[in-house]
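Notes follow once the structure below has been shown.
The values are calculated or read from the model by the stated rules, or taken from the named source; none is laboratory data. For clarity, every value in this text was computed on a predicted model and none was experimentally measured. Cβ coordinates were reconstructed from backbone atoms using ideal geometry, including for glycine residues, and neighbour counts include every protein chain displayed. What goes into the accessible areas is simple: the full protein's heavy atoms, side chains included, and nothing from ligands, DNA or RNA. Shrake-Rupley method; radii C 1.70, N 1.55, O 1.52, S 1.80 Å.
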Amino acid sequence: MSYFKNFKSVTYCVAQWADHISEEELRKQADWLQKYVKIDKVYLETFRDSFARKEQILMIKKVLAEYGIEVSGGITTVTPDLNAEDKKRQRLFNTFCYCNEPMRAKLKEISEYTASLFDDFIIDDFFFTQCMCEDCLKEKGDRSWEEFRLAKMKEVSKNLVIDPAKKVNPKCKVIIKYPNWRESFQETGYNPGEQRDMFDSIYTGTETRHGAQQDQHLPRYLSYSLPRYFENTAPGRNGGGWFDPYDCDRIDCYLEQAYLTAFSKCKELMMFCWPSIYNNKRATPLGFQYEKLDEIMSYCGNPKGLPVYIPFNSQGEDHLEDFLGMVGIPMEPTPDFPSLQNEPAVLVTQAALKDGEIIDKIKAYVSAGGKVIATSGFMIEALKQEKYGNGKKISELTSIRYNDKTLVADEYQTEVPGQYGRIFVNGSEIAFPLLEHRNNATWSKAVAGHGEYHEGIIMFDTYGKGIFEVINIPEMPSKIYELPAEILTSMRYEMLGSGKIWLSCGKGVSLFTYDNDVIGLYCYTNDGCAPMDIDIHVKGEAKSLKILPEVKEASPWNPAELKPLCVKEYGWKEKEKETVFHTRINPGDFKFFKIEY
């Protein structure tokens, strides 16, 4: 029976630990973890460079069963050289060469061994290849590495993992865990477009750690957005999110991974790994926070946000959706282009151009009354493809053009909903690609520049019944955080104004929205962070924002709800109303509300 209603608290035990731990030490560590963290389930690894002995696996399963802990299997597909011939292979992290027969036989043996001990097991995220040895070069032939590796890992998945496991144990279910580096999948053989139909379920790596101190450039919002992407990849079959305590110099860097994974409605919250969280000061507050997260998640419906179309095997403007999520724009990444029936707006980044039909899809969507928001990266690449004759005409939708120039801006102007004219603000110097448009053919809602020269950074065209809008992104995407609060608010409104809610505030806050009028805020802990004042704009007339979890006995220092600051009316033709609320949030805190009408 689970400790929590809305998710399972899960950890992973690596093979080397499993092969050496004594029963006495295991019980000592289990006592500590159950006291401070409360573990529902363990994935017990049988292989990582070497096998964990069967007697050890059975002992651990028996002891954990006494603690009421569910046990599944796990494998990590890394191996040392199996013979002298393997020394010629340069394999990153000791990943397998899948053109090497002894290594292929080893993986089949690992799958069979694990299936003989468990009715389900997970594959850790080293299930890829970057080997370029002579054997790989020969088998690849004149295919690209992407084509070769996608096909190779599809074959390996079936013939060396899934089929052997199910032959030994027909009840065995095999889970593939996808890593946090989605933009690189196709280069290493990860193939979710096809593997989602091969494996029984999938899992998501939500490790973001400290984004400024590693080379993966992963904004922490990825811990929310990537599970949403994989939930849309295999609806109902994304088993959980997997994070770790490494490179988390602040405790909050670790906790944030768990919070966002929970906010995404993952079924399991995986803390990697048992030896790393045992006796670790980062794990103790997480156990405390799990109870709060569980209570909050009981109020939340299904996550929703601005759809971001990211086709399988695509790359371009990597993780831009996460940078936008870090400034209060809720994102819902999807590998499928949404229908206008279900979604009134969609965001397309450069990655969307992997879809050869994307321009036609955009035209159809907009002309029927939808709103497509394109990034500058999408526009620049689409215009290049059009120019050189290998792309359909994006220029039919807009007068915006790009001439390989840079806009360096430290002055900004933007329209404000409900206010006539523009406000003028100064900001730090930021470089943008210079997107030029024809006045009065395309209209700009926000501009940036210096002195007497400014160009649009939020621009739109009407097309058919709908709107085609372009958002100019700084050349360095993390510079989004340095945009003036007024510009960030304009971006939020333009991306979410067709929805119900947007924020007026600065950087470093995420907004989470659910389909039952529940919303959440999280304020990140960054260098120089401070309490943040936030105005919450709700479309229409709302009576209050009920504070969640519900307050049983309200008092001046423990209110049950937020009352409106004001109700505004805006719009030139058809007047619309919005209700504005105010709150303050401390770094490292999350707040959830129910909109009451």
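Identify, among Val425, Gly287, Cys136, the residue whose Cα sits farthest towards the positive end of the charge dipole of the chain, taking +1 on the Cβ of Lys and Arg and -1 on the Cβ of Asp and Glu, with the dipole about the Cα centre. Positive-end residue among those listed: Gly287.
Where nothing but the Cβ of Lys and Arg (+1) and of Asp and Glu (-1) is charged, how large is the charge dipole of the range 425-537 around its Cα centre, in debye to the nearest 20?
Working: 7 positive and 15 negative charges, 53 e Å.
So the dipole magnitude of the range 425-537 works out to roughly 260 debye.
The per residue volume of the convex hull around the alpha-carbon atoms of the range 76-115 is 63 Å³. Please give the FRET efficiency for Glu386 paired with Asp197, using the beta carbon to beta carbon distance and R0 = 60 Å, rounded to the nearest 0.05. Calculated value: 0.95.
Tell me the mean residue ellipticity at 222 nm calculated for the chain from its helices only (DSSP H runs of n ≥ 4, each -39500 (n - 2.57), averaged over every residue, nearest 500).
Details: 17 runs with 167 residues, N = 597.
Calculated from helices alone, the mean residue ellipticity at 222 nm is -8000 deg cm²/dmol.
Would you mind finding the longest exposed-site-free stretch of the chain, with exposed trypsin sites (Lys or Arg not before Pro) meaning DSSP loop and at most 11 other Cβ atoms within 10 Å?
Numbers: sites that count: Lys5, Lys171, Lys281, Arg438, Lys465, Lys552, Lys573, Lys575.
Excluding the exposed sites themselves, the longest stretch runs over 6-170.
For the range 392-509, the fraction of C-alpha pairs farther apart than 25 angstrom is 20 percent.
In the chain, the longest principal axis of the Cα atoms and the axis of helix 358-367 are about 40 degrees apart. State the antiparallel share, in %, of DSSP beta bridges confined to the range 1-96, rounding to the nearest 5. Of all bridge pairs located within the range 1-96, approximately 20 percent are antiparallel.
Heavy atoms only, probe 1.4 angstrom, no DNA, RNA or ligands counted: give me His437, His454, His319, His217 ranked by accessible area, highest first.
On the way: His437 20, His454 50, His319 0, His217 90 Å².
Heavy-atom accessible area, descending, gives His217, His454, His437, His319.
For the range 341-460, a Kirkwood radius taken over Cα pairs fed into Stokes-Einstein (37 °C, viscosity 0.692 mPa s) yields D = 211 µm²/s. Put simply, the amide H of Ile473, placed in the peptide plane, has neighbours under 5 Å in Ser376, Gly377, leaving out anything fewer than 5 places away on its chain. Treating each Cα of the range 463-597 as an identical point scatterer and ignoring solvent, apply the Debye formula and state log10 I(q)/I(0) at q = 0.18, 0.19 Å⁻¹. With one equal scatterer per Cα and no solvent, log10 I(q)/I(0) is -1.13, -1.22.
Exceedance of the 28 Å cut-off in Cα-Cα distance is limited, within the set Lys87/Lys167; Lys138/Lys166; Lys38/Lys106; Lys265/Lys594, to Lys87/Lys167; Lys138/Lys166; Lys38/Lys106.
Amide H to amide H, with H built 1.01 Å from N, Ile329 comes under 5 Å of Leu511, counting only residues 5 or more places away or on other chains. Under a 5 Å amide H cut-off, with hydrogens placed 1.01 Å from N, Thr208 pairs with Asp244 among residues at least 5 apart or on other chains. Of the GluC sites (Glu not before Pro) in the range 416-505, the ones in a loop by DSSP (not H, G, I, E or B) with at most 10 other beta carbons within 10 Å are Glu452.
Scan the range 1-96 for GluC sites (Glu not before Pro) in coil per DSSP, keeping those whose Cβ has at most 10 other Cβ atoms within 10 Å, and list them by number.
Qualifying residues, ordered by number: none.
Distance between the pseudo-spin-label points of His450 and Glu66 (7 Å out from Cα toward the beta carbon): 7.2 nm. Our analysis of the range 81-166 gives Rg over Rh at 0.97, with the two radii drawn from alpha carbon positions and Rh computed by the Kirkwood formula.
Dipole check for the chain: with +1 at the C-beta of Lys and Arg, -1 at the C-beta of Asp and Glu, and the Cα centre as origin, the magnitude is about 1020 Debye. Accessible area of Phe118 (1.4 Å probe, protein heavy atoms only, ligands and nucleic acids ignored): about 10 Å².
If you place +1 on the Cβ of every Lys and Arg, -1 on the Cβ of every Asp and Glu, and leave all else neutral, what size is the dipole of the range 194-270 about its Cα centre, to the nearest 20 Debye? Kindly include the intermediate steps, with their values, before the conclusion.
Values: 8 positive and 12 negative charges, 59 e Å.
With Lys and Arg at +1 and Asp and Glu at -1, about 280 debye.
Extent along the principal axes, Cα only, for the range 358-428: 40, 32, 16 Å, with the longest axis given first. Sequentially through the range 165-182, phi angles give Karplus couplings (6.51, -1.76, 1.60; θ = phi - 60°) of 5, 6, 5, 6, 9, x, 7, 5, 10, 10, 10, 9, 9, 8, x, 7, 9, 4 Hz, Gly and Pro residues having no value and appearing as x.
Could you order Trp443, Trp181 by accessible surface area, starting with the largest, using a probe radius of 1.4 Å? Mind showing how you got there, number by number?
Details: Trp443 115, Trp181 50 Å².
Descending accessible area places them as Trp443, Trp181.
Of all alpha-carbon pairs in the chain, indicate the percentage at a distance above 40 angstrom. In whole percent, the long-distance tail amounts to 31. Remark: the range 467-475, residue by residue, has Karplus-estimated 3J(HN,Hα) of 10, 10, 10, 10, 10, 7, 9, x, 4 Hz, where x stands for each Gly or Pro and the curve is 6.51 cos²θ - 1.76 cosθ + 1.60 at θ = phi - 60°.
Ordered from largest to smallest accessible area (heavy atoms of protein chains, 1.4 Å probe), the residues Val416, Val470 come out as Val416, Val470.
To the nearest ten degrees, helix 23-36 and the longest principal axis of the Cα atoms of the chain are 20 degrees apart.
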